[in-house]
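Structure first, then comments.
Any read-out appearing in this document is the output of simple, stated calculations on the displayed coordinates, not a laboratory observation. These numbers come from a predicted model, not from an experiment. Note that each Cβ is placed from the backbone with ideal geometry, even for glycine, and that neighbours are counted across all protein chains shown.
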Amino acid sequence: MKKVIGKILIIILIILLSFGLIIVGTGYNMYKEAIEKVPLEQKVEEIKEKDNYTTLEEMPDLYKMAVIAVEDHRFYEHGGIDIIAIGRALWNDIKALSFVEGGSTITQQLAKNTYFTQEKELTRKVAEVFMAFEIEQNYDKDEILELYLNTSYFGDGYDTVKEASRGYFEKEPMELTDYEAVMLAGIPNAPSVYAPTKNLELAKQRQKQVLDKLVKYEYISKDKAEEILEEGNIEYPSN
């Protein structure tokens, strides 16, 4: 009986390994086809030529810290993928029997935003990982962050930080208050939900999540977070 069970387990393992190899191979081919069609350097130039492209120097420090805290707090430490985040996401997906969490880094999200679809497919995730490695090999972290922030969608037709800042708050990025900067950082996670013109209360809830991350990862103190929340008596322009 033990021998039978052992053989069954070996067969299952072989099937899983074969399936994994197929997924990795397909994802790698997807990555190669994408980068051969449009080389990374060309793709980056296309992004930088966008109207209202926003440099890091044009963004408030708190805004940049908020994005990193809520999206990828180990951004400056990993080489394109975060094994810890992937493991946590995989466990949560297994428990839910669905793709409920992705574990993607900022670099992976940049790869997805520029080369792939938003659909949650295993092959696309693998292609995204290969592309993330390619990006990390050719650009430094600040360049990657800047490119990511100019390929994120902020809702209401805004594709850059400058557009979103002007559209939602009627001011340039460096003129944003701390309250506004933190709110803006939370929008790309789900623009149709968290845009202040769509649902201000949900936007505030997301803003609170961002502040909690900022405190958790010691970018700001709890007192500073509470001070930022007190700035909330602001009216936002509606489209």
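For region 2-229, just say rounded, prolate or oblate: build the C-alpha gyration tensor, square-root its eigenvalues into a ≥ b ≥ c, call rounded for a/c under 1.5, and beyond that prolate if a/b exceeds b/c, oblate if not.
prolate
Let's test the formula: R0 of 25 Å, r as the Cβ-Cβ distance of Asn29 and Gln137. What FRET efficiency results, to the nearest 0.05?
That pair, Asn29 with Gln137, gives E of 0.80.
Chymotrypsin sites (Phe, Trp or Tyr not before Pro), restricted to region 116-197: which are DSSP loop and have at most 11 other Cβ atoms within 10 Å?
none
How far is it, in nm, from the label point at Ser192 to the one at Lys208 when both lie 7 Å from their Cα along the line to the Cβ?
2.5
Tyr153 to Leu21: extension gain in nm, 0.36 nm per residue of separation minus the Cα-Cα distance?
My answer for the length gained is 44.2 nm.
I'd like the Karplus ³J(HN,Hα) series for region 175-186: coefficients 6.51, -1.76, 1.60, θ = phi - 60°, whole numbers in Hz, and an x wherever there's a Gly or Pro.
8, 4, 6, 4, 4, 5, 4, 5, 5, 4, 5, x
Spin-label point model (7 Å from Cα, Cβ direction): what's the Glu46 to Asp61 distance in nm?
Inter-label distance under the simple model: 3.6 nm.
As an exercise, identify the trypsin sites (Lys or Arg not before Pro) in region 170-239 lying in DSSP coil whose Cβ has no more than 16 other Cβ atoms within 10 Å.
Lys171
How much length is gained on full extension from Lys222 to Lys37, taking 0.36 nm per residue of separation minus their Cα-Cα distance?
Full-extension gain reported as 61.8 nm.
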